[in-house]
Amino acid sequence: MSPVRTVARLFLSTIFVVSGARSVARPTAFVPRAQKVADKVGPLFEKAPDKFPTDPASLVRINGAAQVLAGLMLARGRLTRPAAVVLASTLVPTTLAAHPFWTIKDPIERRHQETHFMKNLGLFGGLLLAATDTQGRPGLAWRASHYAGHSRHALEHGRHNLEHGLHSIGHSGQSLRRAAKTARREAKIAYKAAAAGRKLPS
């Protein structure tokens, strides 16, 4: 892993680890903002067989715990791409619940929340880059296209060899036919010569 990637992942994950730990330790401060999200997703989770917790405080803790675990994984370079996907997914409800600037009437507060919303969009973009970063190794799409191209080349090479073999067989058959004609012609000449020799007086 390059030093630049190590530092970038450390910086990117820090805010999630810190804010996630705060959410787990003191969820009460985030409950009013999470209430809107809980009201929307609560009925969906209530249909789950295991009765997933739907109260705002539990959702804040779950979201914070996911941010801490995924942030630590990203910082340590362990399963970085899945960790970035998890962080990106936790950032969406957090941003919508905490910074709905389009619902605020006061222009100063609206501009303040819009700035935070844009910062979170920047974090989301960085997480998308981390989720698609292959650390210089070929990605699945490149490897699939590379193997497909290699297979096509192998098939083309095999077809060329087959055509060459068939051409060689045809050429060998022509050579054999010419040799057979030559042998028959020489046999006729020899037979005629032998017949003529028998007619000469002794």
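We did not get these values from a lab; they are worked out from the coordinates using the rules stated. Owing to the predicted nature of the structure, the values given are computational and were not obtained by experimental measurement. For neighbour counting, all protein chains shown are included, and Cβ atoms are generated from backbone atoms with ideal geometry for every residue, glycine included.
Things worth noting here:
- If you plug the beta carbon distance of Leu155 and Thr132 into 1/(1 + (r/R0)^6) with R0 = 30 Å, you get a FRET efficiency near 0.45.
- The stretch 3-137 shape via C-alpha gyration tensor axes, a/c threshold 1.5: oblate
- Per-residue 3J(HN,Hα) values for the stretch 84-93, derived from phi via the Karplus relation 6.51 cos²θ - 1.76 cosθ + 1.60 with θ = phi - 60°, read 5, 5, 4, 4, 4, 5, 6, 6, 5, x Hz in sequence order (x marks Gly and Pro).
- Pairwise Lys count, the stretch 3-137 - Cα closer than 22 Å, eight or more residues apart or different chains: 6
- Each label point was placed 7 Å from the Cα along the Cα-to-Cβ direction; for Arg184 and Leu69 their separation is 8.6 nm.
- Contour minus Cα-Cα distance for Ala21 and Tyr191 (0.36 nm per residue): 50.3 nm
- Packing here is the average count of other Cβ atoms within 10 Å per residue, and on that basis the peptides 119-131, 10-22, highest first, run 10-22, 119-131.
- When only the Cβ of Lys, Arg, Asp and Glu is charged (+1, +1, -1, -1), the dipole of the stretch 3-137 relative to its Cα centre reaches about 320 debye.
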